[in-house]
Amino acid sequence: MSIVFKRNIVQSKNKLKHKSKVPHIVKYMGSKRELIDFLAESINEIYEGEPICDLFAGTSILSGALGHSTRIYSNDIQAYSAVFSKTYLGNFKWDEYPDLINTIVIKAQKHIDYVNNCYPDLKFDYNLQLDLNEFNVLEQRQQDLIYLDFEDVDYHLFIKNYSGTYWSYEQCLWIDAIRVVAEEYSNTPIYYPILSSLMFAMAYNAQSTGHYAQYRDANNVASMNDIIIYRCKEILPYFEKKLKELIEFTDKNTLKHVVTTLDYKDCLDELPRGTLVYADPPYTFVHYSRFYHALETLVKYDYPNLLFKGRYRTDRHQSPFCKRTEVVGAFEDLFERIRNKNSKLLLSYSNTGMISLEKILNIANKTLGANYIVSTKTVDYTHSTMGRSEDKSREVKEYLIIAKPL
């Protein structure tokens, strides 16, 4: 990883200590996990003790890295991101839950036993020697559960809507079961690590490409055999592994962190003056809500209307940073609000983004005016595309635009 400095920056006397090894929770396109050292060092160059806002938090990795040493305002319009933030930033008293994982498993198993008793005929065995036609019939039988009411079961969102898609019926049954148990802890901080651990298990059991844009079909024996590998995985071991890891990573945290799910403009309007803002807006025309809608549905668990093969929510957020006709205005709004708050800004962007670095710098200098110094840094970076094709990752240049008031 090579870093090219475009302009010298005065080093701040204040130093934030960051954690480099933050437990990851989901597979995420454009995650800054591998850049956390670079970002923390860059923040330290202009940090002077003020709170830090992660404006487009995503996986909330910045909260995990810095949340123990400074006050964080973590924001993302997606509800699942708030769960990640509250996992990393929560104030936990784990000794009050000495046998938590085992307790969750026992309670989840009760839900599973109840569903199996209500619907004993819902059995789907992937361990049989299936030919391609038999496999696709098995998949279709599960997909057809979307037409079943499940009126005897209160928590049935995933078995009804997602069986035979990204997950098998059995995997969906465990997703619903753990979600049932999580709700019992909804008034406590540990609600969020439970949900985060479940999202981790979902990510590593899904037969899709790491996101939920669409699930794969078995068009030939090779794709069938690959899908079967994921169908035969179990949610529970992945859930237990991640929850144990998060328990070990998190601890007491009495800093007054703030977690919001606001549009970026509303978040900036509400921030205290002088907050240091890190902004990592979307780079491409593809909306993140198309990739991670299933996570949003898990967190909200609101039985939404789901459309098309991908089972998309109808209320998916559309970011102006992903639209060619709106992206310039979105950056203008961002820089204008930074100026109004007299805030420092670190802005991540890519050379594969919707607009060029030169264009962004022109907007920044025009909007921020003569009272700001604007500089840049560049780092070579391997960007994950979350695909299974030959384009699983892509070498890109990550720009860091730094704006500091005089």
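The values are calculated or read from the model by the stated rules, or taken from the named source; none is laboratory data. What you are looking at is a predicted structure, and each value in this text was computed from that prediction instead of being measured. When we count neighbours, we look across all protein chains shown, and the Cβ atoms used for this are built from the backbone with ideal geometry, even at glycine.
Applying the selection to region 308-349, what residues are out of contact with any helix residue (DSSP H, G or I) (no Cβ under 9 Å at 6 or more places or on another chain) and of a type in the set (S, T, N, Q)?
Within region 308-349, Thr314, Thr325, Asn342 qualify.
Check Lys27, Lys86, Lys19, Lys32 and return the single one that is more than 28 Å from Thr209 (Cα to Cα) and of a type outside the set (Asp, Glu). If you could, list the steps in order and put the result at the bottom.
Numbers: Lys27 fails: more than 28 Å from Thr209 (Cα to Cα); Lys86 fails: more than 28 Å from Thr209 (Cα to Cα); Lys32 fails: more than 28 Å from Thr209 (Cα to Cα).
Just one listed residue meets the conditions, Lys19.
If Thr352 satisfies all but one of (1) part of a strand (DSSP E or B); (2) of a type outside the set (Gly, Ala, Ser); (3) at pLDDT below 95, what's the number of the condition it fails?
Result: Thr352 fails condition (1) only.
Does any residue in region 22-39 that is among the basic types (Lys, Arg) come within less than 6 Å, Cβ to Cβ, of a residue that is surrounded by 20 or more Cβ atoms within 10 Å (Cβ to Cβ) and part of a helix (DSSP H, G or I) six or more places away or on a different chain, and which pairs are these?
So the pair list comes out as Lys27/Ala203; Lys32/Ile61; Arg33/Ile61.
Which residue out of Ala218, Ala222 is outside the structural domain of Phe84 (by TED's automatic domain parsing), at pLDDT 95 or above and either assigned to a loop (DSSP other than H, G, I, E, B) or among the polar types (S, T, N, Q) (or both)?
Working: Ala222 fails: either assigned to a loop (DSSP other than H, G, I, E, B) or among the polar types (S, T, N, Q) (or both).
Among Ala218, Ala222, only Ala218 is outside the structural domain of Phe84 (by TED's automatic domain parsing), at pLDDT 95 or above and either assigned to a loop (DSSP other than H, G, I, E, B) or among the polar types (S, T, N, Q) (or both).
Tell me, please, whether a residue that is basic (Lys, Arg) and either outside any helix (DSSP H, G or I) or farther than 18 Å from Lys17 by Cα (or both) can be found in region 62-78.
So the first thing to find is which residues in region 62-78 are basic (Lys, Arg), and the list is 71.
When the remaining residues are screened for being either outside any helix (DSSP H, G or I) or farther than 18 Å from Lys17 by Cα (or both), the result is 71.
There is at least one residue in region 62-78 that is basic (Lys, Arg) and either outside any helix (DSSP H, G or I) or farther than 18 Å from Lys17 by Cα (or both).
Scan region 234-274 for residues that are closer than 30 Å to Leu132 by Cβ and either of a type in the set (A, V, I, L, M) or surrounded by 17 or more Cβ atoms within 10 Å (Cβ to Cβ) (or both) and jot them down. Spell out the reasoning first.
Residues of region 234-274 closer than 30 Å to Leu132 by Cβ: 234-238.
Matches in region 234-274: Ile235, Leu236, Tyr238.
Mind checking which residues of region 311-340 are surrounded by 15 or more Cβ atoms within 10 Å (Cβ to Cβ) and closer than 25 Å to Val180 by Cβ?
Arg311, Tyr312, Arg313
Return the pairs, sorted by first residue and then second, in which the second residue is crowded, with 23+ Cβ neighbours inside 10 Å and among the acidic types (Asp, Glu), the first residue lies in region 324-345 and is in a helix (DSSP H, G or I), the beta carbons are less than 8 Å apart, and the residues are 6+ apart or on different chains.
none
Can you name the number of the only condition in (1) buried (at least 21 other Cβ atoms within 10 Å of the Cβ); (2) in a helix (DSSP H, G or I); (3) not small (Gly, Ala, Ser) that Val277 fails?
(2)
Does region 202-215 contain any residue that is surrounded by fewer than 22 Cβ atoms within 10 Å (Cβ to Cβ) and either at positive phi or more than 19 Å from the chain's Cα centre (by Cα) (or both)?
Yes, region 202-215 contains at least one residue that is surrounded by fewer than 22 Cβ atoms within 10 Å (Cβ to Cβ) and either at positive phi or more than 19 Å from the chain's Cα centre (by Cα) (or both).
Taking the stated definitions as given, is Tyr192 touching a helix residue (DSSP H, G or I) at 6+ places or on another chain (Cβ under 8 Å), at pLDDT below 95 and crowded, with 22+ Cβ neighbours inside 10 Å?
On the way: touching a helix residue (DSSP H, G or I) at 6+ places or on another chain (Cβ under 8 Å): yes; at pLDDT below 95: no; crowded, with 22+ Cβ neighbours inside 10 Å: yes.
Against the criterion (touching a helix residue (DSSP H, G or I) at 6+ places or on another chain (Cβ under 8 Å), at pLDDT below 95 and crowded, with 22+ Cβ neighbours inside 10 Å), Tyr192 does not qualify.
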